[in-house]
Amino acid sequence: MLIKTFGKFTKYSVLRKLILREIDDLIIGSLGIVAFISFFVGGVVAIQTAINSDNPLLPKYLVGFATRQSIILEFAPSFISVIMAGKVGSFITSSIGTMRVTEQIDALEVMGVNTYNYLIFPKIVAMTLYPFIIVISMFLGIFGGYFACITGGFSAHADFIEGLQLEFNPFHVTYAFIKTFLFAMLLATIPSYHGYYMKGGALGVGKASTTSFVWTSVAIIIMNSFVTNLLLT
Amino acid sequence: MIEIKNLRKTFGDTEVLKGISTSFEQGKTNLIIGQSGSGKTVLLKCILGLHQLSSGEIIYNNTPFSSMKPEEKTLLRQDMGMVFQGSALFDSMTVEENVMFPMQMFTKASMEEMRERANIVIDRVNLVNANTKLPSEISGGMQKRVAIARAIVMNPNYLFCDEPNSGLDPKTAILIDNLIQEITQEYQITTLVNTHDMNSVMEIGEKIIFLKDGDKAWEGTNKEVFKTDNKAVTDFVYSSALFKKVRKVYLEEDNKS
């Protein structure tokens, strides 16, 4: 499938419009839910850390430090990607699957269009912008943690900021973006595969979307484990 | 003209097409008829190249499909128009965008030229005030007309229609049939229509291929279908009392003349 996706290219003017539409559907359309989840989960992570670390021997900056590490290393790249497997993955599978059911893919093939390139390539290109979503998620997650701690009285401003800045390792951000990029490729290709090769009618589209979500999530978790072992140990 | 020679297609252990040989003539409406499951759609998809053949050959204007280079196959595809059973219109595009789509993909024409050509074929299929509507906003009959307009916008030499009037009321079905026949004669294209609508058989069947269990059981014209004593054909075509009467009247008038 991937070889055919990068085979005979669709006319540039058409491809450009398709890519812009996919960016709108897959990236811009996901910003709202990502911002909402990131802000509140970031807040909950900070509150949980504060509540469960009330031992006076533990430093006060721990809440900010733990929030930063959780958000940058795992929550933003991995947790958001699993959510995106449901949001973006289902959208990709069901949109391609519906085109299959309604013979729109056959119509494209009859015209001589490389359907792999026409349908899948723009999604792959659009998903290369996925790391921008994760940047926003990281920022809002940490800000949510800060906001929850300050407004709830769980941590002082100075302590939280000290924790955020403590022993900051820039490679952790690099690591987060490496895996984010790999997850983006999984998010674009696995759902496309399940949509393109789905069988059956409307029920088949539903089943394909579910299967796609399950396999994309599994692939993300396995990839996460592999990349973490490779880069951080 | 399209010739097919000893065309076979199997899915696993099931042989769906059992060595069909025939030809489809240019400027005529060629009908493929048969019961559901007789292999009509598979035959059409094999001719279109959507299914790989198990064996046999398809020849387009004296050139075997199997001997064509990939670029030639792509060019051939651009010379084909297809009207799918469910219309297969792109639901995110308006009527005009759907019709312009093949030109956007394969020509270097300007937007104005494409729009002008699209409007010519939209007028040709008698669609009025529908250019800016989405497929979901128009009726089934109108969707079929848009599909026909999209199929002929590139001036193809081959037009394929899979059950073009299924799900349509009788009046609209006749309009679609007549439109297909007019376009076939006007543009002198090779048209294949896959149908089990007996009205189509009687009205536009200039050449009819009858499939039974994946095999060609009969071929002839809409005039000959009245006179044939092939039991498989008569059982299928004259299964309703109405068509039995139509046949009886036709034969009586034919005897008188």
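The values are calculated or read from the model by the stated rules, or taken from the named source; none is laboratory data. As the structure is a computational prediction, the values presented were derived from the model and not from experiment. When we count neighbours, we look across all protein chains shown, and the Cβ atoms used for this are built from the backbone with ideal geometry, even at glycine.
Contact annotation: residue pairs with Cβ atoms under 7 Å, 6 or more positions apart or on different chains, pairing a residue in region B:209-237 that is closer than 11 Å to B:Ile20 by Cα with a partner that is charged (D, E, K, R) and part of a helix (DSSP H, G or I), are B:Leu211/B:Lys40. Taking helices (runs of 4 or more DSSP H) as the structural unit, those lying wholly within region A:1-107 and holding at least 2 residues that are away from chain B (no Cβ under 14 Å) and of a type outside the set (A, V, I, L, M) correspond to A:31-51, A:62-69, A:80-101. The one condition from (1) buried (at least 20 other Cβ atoms within 10 Å of the Cβ); (2) outside any helix (DSSP H, G or I); (3) of a type in the set (Lys, Arg) that B:Lys133 does not meet is (1). Filtering region B:136-151 to residues that are free of Cβ contacts under 8 Å to residues at least 60 places away in the same chain and part of a helix (DSSP H, G or I) leaves B:Ser136, B:Glu137, B:Gly140, B:Gly141, B:Met142, B:Gln143, B:Arg145, B:Val146, B:Ala149. Filtered by the rule that a residue be surrounded by 14 or more Cβ atoms within 10 Å (Cβ to Cβ), more than 22 Å from the chain's Cα centre (by Cα) and either of a type in the set (Phe, Trp, Tyr) or under 30 Å from A:Thr93 (Cα atoms) (or both), region A:158-204 gives A:Phe160, A:Met198, A:Gly204.
Taking the condition modelled with pLDDT of 90 or more and more than 9 Å from chain A (Cβ to nearest Cβ), does B:Leu89 pass?
Numbers: modelled with pLDDT of 90 or more: yes; more than 9 Å from chain A (Cβ to nearest Cβ): no.
In short, no.
Only one of B:Ala118, B:Ala151 is surrounded by 18 or more Cβ atoms within 10 Å (Cβ to Cβ), of a type in the set (Gly, Ala, Ser) and within 14 Å of chain A (Cβ to nearest Cβ). Can you tell me which? It is B:Ala151. Which of the residues spanning region B:92-115 are within 30 Å of B:Pro64 (Cβ to Cβ) and either at the interface with chain A (Cβ under 9 Å from one of its Cβ atoms) or surrounded by fewer than 17 Cβ atoms within 10 Å (Cβ to Cβ) (or both)? Passing the criteria: B:Phe101, B:Pro102, B:Met105, B:Phe106, B:Thr107. Taking the criterion of being of a type in the set (D, E, K, R) and not in a helix (DSSP H, G or I), the residues of region B:34-91 that qualify are B:Glu57, B:Lys69, B:Asp79, B:Asp91.
The set of residues in region B:205-255 that are outside any strand (DSSP E or B) and aliphatic (A, V, I, L, M) comprises B:Val225, B:Ala232, B:Val233, B:Val237, B:Ala241, B:Leu242, B:Val246, B:Val249, B:Leu251.
Of the residues B:Leu211, B:Leu159, the single one that is in contact with a Ser or Thr (Cβ under 6 Å, 6 or more places away or on another chain), closer than 30 Å to B:Met105 by Cβ and surrounded by 21 or more Cβ atoms within 10 Å (Cβ to Cβ) is B:Leu159.
Taking only region A:149-168 into account, find how many residues are under 15 Å from A:Ala66 (Cα atoms) and among the polar types (S, T, N, Q). Of the residues in region A:149-168, 2 are under 15 Å from A:Ala66 (Cα atoms) and among the polar types (S, T, N, Q). Taking region B:163-207 as the search range and keeping residues that are touching an Asp or Glu at 6+ places or on another chain (Cβ under 6 Å) and without any contact (Cβ under 8 Å) to a residue 60 or more places away in the chain, which one is surrounded by the fewest Cβ atoms within 10 Å (Cβ to Cβ)? So the residue we want is B:Glu203.
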